[in-house]
Amino acid sequence: MIPYEDDEFTRPFTGRVDAELDQEMHVEVRVEGVDSRQFALVMDTCWATPVNDPDYSLRWDLILSECPNPIDDTVDLLQNGVSTSSRFSFRMFIFTANSTRLYLHCAVHLCLLSSNRCSTDCASGHRRREGRSLDFHDSASISMGPLVFSEGNTDKWVPEQVKVSEASCLCGSLMLILVPLMSVLTHF
């Protein structure tokens, strides 16, 4: 998984990846050592976490079922399931004001190109084929990071403008529901 500075994917970041809030980030996921005439790389899901743990409970989905997350209009799926590299972009965000790091994770698989079923039409209602067939080969999960939030132009940084993940809002809402529910249940 490689982050790029440009939308042509010609200048990979070297060293530490510093990004400003809402900066467009370009990411390529690539497999090497396979026959590019026979196999394509497919990103099944990609997500971000504030720590280097793909199983961390707080996460934000970028790619779901091989397509951009429908509730995140900053995600663009540029290439998926057509070659040995897949590409997407999204806008840099942070989970909380105290969290300045973002880690990316993707679950990917290899697909046999001769099946003609490696790419999904995300615009149509038929987003995912049913089950796995002979076109599905080796799968893996990969991670990259951290992408580090840098304030850059301080005029842009106002605490009220911090983007908080909807997942953390959901967790807070669940706590507001669960705490009274738990107190009711303890009386029985």
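Where a number appears in this text, it was derived from the coordinates with a stated rule and is not lab data. On a predicted model such as this, the values are computed, not experimentally measured, just so you know. A quick note on method: Cβ atoms are made from the backbone with ideal geometry, for glycine too, and the neighbour counts reach across all protein chains shown.
A few comments on the model shown:
- For the range 20-48, the tally of residues that are closer than 12 Å to PHE90 by Cα and not acidic (Asp, Glu) stands at 8.
- Checklist (1) of a type in the set (Gly, Ala, Ser); (2) surrounded by fewer than 16 Cβ atoms within 10 Å (Cβ to Cβ); (3) within 20 Å of SER150 (Cα to Cα) applied to SER99, failing item: (2)
- The set of residues in the range 6-22 that are part of a loop (DSSP other than H, G, I, E, B) and surrounded by fewer than 16 Cβ atoms within 10 Å (Cβ to Cβ) comprises ASP6, ASP7, GLU8, THR10, ARG11, PHE13, THR14, GLY15, ARG16, GLU20, ASP22.
- Tabulated pairs, the range 96-123, first of a type outside the set (Phe, Trp, Tyr), second in a helix (DSSP H, G or I), C-beta under 7 angstrom, 6+ apart or interchain: THR96/SER168; ALA97/PRO159
- Top-ranked residue in the range 51-95 [being under 13 Å from the mean Cα position of the chain (by Cα) and of a type in the set (Gly, Ala, Ser); ranked as surrounded by the fewest Cβ atoms within 10 Å (Cβ to Cβ)]: SER65
- Scanning the range 102-118 for residues that are among the aliphatic types (A, V, I, L, M), surrounded by fewer than 17 Cβ atoms within 10 Å (Cβ to Cβ) and farther than 25 Å from ASP55 by Cβ gives a single hit, LEU112.
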